[in-house]
1. Going through region A:357-428, which chymotrypsin sites (Phe, Trp or Tyr not before Pro) have at most 11 other Cβ atoms within 10 Å and a DSSP loop state?
2. Starting from the amide H of A:CYS357, placed 1.01 Å from N in the peptide plane, find each other amide H under 5 Å away whose residue is 5 or more places distant or on another chain.
3. With everything on Cα atoms, drop me the angle between helix A:389-400 and the longest principal axis of chain A, reported from 0 to 90° to the nearest 10.
4. Under 5 Å between amide hydrogens, which residues at least 5 positions from A:LEU495 or on another chain qualify, with H placed 1.01 Å from N in the peptide plane?
5. How high is the FRET efficiency from A:GLU87 to A:THR461, r the C-beta distance, R0 22 Å, rounded to 0.05?
6. Per-residue Cβ counts within 10 Å, from other chains only, averaged over A:110-120: what number is that?
7. Whole-Hz ³J(HN,Hα) for each residue in region A:271-280, computed from phi via Karplus 6.51 cos²θ - 1.76 cosθ + 1.60 with θ = phi - 60°, x for glycine and proline: what do you get?
8. Determine the per residue accessible area of region B:16-88 with all protein chains present and a 1.4 angstrom probe, expressed in square angstrom.
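The values are calculated or read from the model by the stated rules, or taken from the named source; none is laboratory data. Small disclaimer: the values here were computed from a predicted structure and weren't measured. No Cβ is skipped: glycine too gets one built from the backbone with ideal geometry, and neighbour counts run over all protein chains shown. For the accessible areas, the whole protein counts, side chains as well, though only heavy atoms, and no ligand, DNA or RNA atoms are used. Shrake-Rupley method; radii C 1.70, N 1.55, O 1.52, S 1.80 Å.
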Amino acid sequence: MDNCHGPAAATLPPPETSGKQHVVAIVGPPNSGKSTLFNRLTGLRQKVANFPGVTVEHRMGRAKLGHLREIFVVDLPGVYSLQPRTEDERVTHDVLAGTMKGLPKPDAVMLILDSTNLSRHLSLAAPILSLGLPTLVILNMADDLHGRGGEVDAKELSKQLNTPVVLISASKGTGVEKVFEFLNSAPHYLPPKPPLLQLPVLQDVPKVRDWAANMSRRTNFRPPAPPLWTRRLDGVFLHPVIGPLVFLMVVVGVFQTIFAGARPMMDAVANAIQISGKWIEATMPDTALRSLIVNGVWSGVGAVIVFLPQILLLFLFIGILEDSGYLARAALIADRTMARIGLQGKSFIPLLSAYACAVPAIMATRTIENKRDRIATILIAPFMTCSARLPVYTLVIAAFIPEKPLLGPFFGTRAAALLGLYVLGFLAAIVTARLLKSTVLKSTRAPFILEMPPYRWPTVTSLVLRLIDRARVFLRRAGTVILAVAIILWVLANLPLHDGKAPEIGASIAGMIGHAVEPAIRPLGFNWKIGIGLITSLAAREVIVGTLGTIYGIEGTTQSMGLQAALRHDLTPGGAAALLVFFAFAMQCMSTVAVVRRETAGWRWPIIQFAYMTVFAYVFAFLANRIVSLWF
Amino acid sequence: MQIGFNKKISAAPSGPRNLTALKKGETGILECIDMSDIDAQRLMELGFLPGHTVTRAHAAPGGDPRVFRVDGSEVALRRETAVHLILR
């Protein structure tokens, strides 16, 4: 008897819970709803991981079955074939072949296909079925197929392919129970049998496509009517005049949200950190431990956690843009401009996000499939003027540039200076991108191919899961790398002890380091105090403001001055210009280094990037100091 | 009718008819893909198969890249790629 959803689980003896954990892989073409199904199956019991040595990430999750049983589900990158040409295809191929390090060969495969485009998507069934693994074929987007008048006979397809087939709608949740039934039958999966129509030669794409077309014809597949709404919306979003206007509105909306919209939430978080810090200070006895917790951990980690609302809002935006299908249109519109600097349309949104913070921007580069374009985007993202530079810019500009109106009352010298710094970062990014794309990251000459998925409503579940995942990644880093740096800096600033007390900052280890680096930064017009600031700002750029506040607050001559006055006392105009330029270009951010290491799966790129940006910053800060010193 | 196996295809109008010749809404039949095997296979997997119809849909402002309707989906290609897809 042919069953459209595999063997009925009830007729099987309850499988053993002990022993081996079963692994089932989800495979499918891009935009087939893999992630939606994965979320349905695993909910929050999932994590994102990288395979060793490659930048491709995969998601691992546990699907809860009855009787306290669980099964591991691996969500593999979207592919159209198993020819190992791109890194994504190689990873998918290796995992399914059982040759991927760190992952056992899957016990079964769930092949998910878009039922509205079955004739083409079935092509992937050929290489998957030839693997000889137990396979469940999932025809997704049933609601869309039926809504547009399409039809497919899942039973007949099951008979033809000789493997269970289910018709579901992962976003609505209909039919997902049949997928659970399949998972439940582990480890008694049906051994695969060859399909009725002999499998084609897999390397021959037209042959595979003909096989898929024959297969779908045999199952009375009636393709759905063209997606009317998608065409109507594209008539607007890709309109020669209205399209770019909508695009600009979206860009301004993203910008406005990550700057202004996030501000109240960021203030709230900052307040909460400050109040709780004060509370700890008030309740704990005055010991070194209190100083470590309040001045080290709380202010250090807190300075980073403040950015969480901004990051979450940004990812909410990107999630909506990506899931709705607009991101592909935005990439299309931006492509020509980005192509001029050797990048492509998909780099646009990550680079825009980098104006808020490079960390989420670098995480957002995952939407770029071309690895070289992705790495180039990662490498230039920190040049974009992130919000952590603003406190430094504001302080130095306010201290050194007198406010004079330039263009009316709303645009003065200070605003011009700030805008100039934004332009400076942008120019550095362009120069670097061109340099990279014409040398080490010269494009593989792979053609730029951008698929335009139909517009769909984003689902709340998928957006929420995405945000939780990003928040988790961000907070884990704040709790590890940033925490460690904050503690180390505190220790360096408070040792060696004098009479059991913390030393004056100049006599601390941090101070000694500041004195030690002074000869190196003297040409830029910086003294040892700025040197300490540069070192502490390695954790996060805005930390220099706090550090300088502490140093000047302690020191005798500047004690009574405000921070701005103290800075004017300490720095020449040339030095101030050098400081601004240095902060515009240097990679003074441990979080960014950590995230680049994570996203590029190794230390190579973050080290190259850090060295490049530091040298770049040093050279231009030196020039800025020299040039400005000629006039002032 | 000219069938292009010439390795160098310029964007000049004298070359064989390629995808860039299609006006919005116009349909053509693909003859061959004049690219390396790897790139051609990738395009074929997306539906650009010889003998299949290709319809030109929307485009980015300025006309590049252009969107093509092929085998049930829509795919955008830059001009530099589209000139290598030869029409019958």
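1. Details: sites: A:PHE383, A:TYR393, A:PHE400, A:PHE410, A:PHE411, A:TYR422, A:PHE426; in loops: A:PHE410.
When the chymotrypsin sites (Phe, Trp or Tyr not before Pro) of region A:357-428 are filtered for loop state and at most 11 Cβ neighbours within 10 Å, A:PHE410 remain.
2. Distant-sequence amide H within range of A:CYS357: A:SER387.
3. Taking Cα atoms only, the helix is inclined about 20 degrees.
4. A:ILE509, A:ALA510
5. Numbers: r = 29 Å, r/R0 = 1.31.
The computed FRET efficiency comes out at 0.15.
6. 2
7. Those phi angles translate into 4, 4, 5, 5, 5, 5, x, 4, 4, 5 Hz.
8. Result: 35 Å² per residue.
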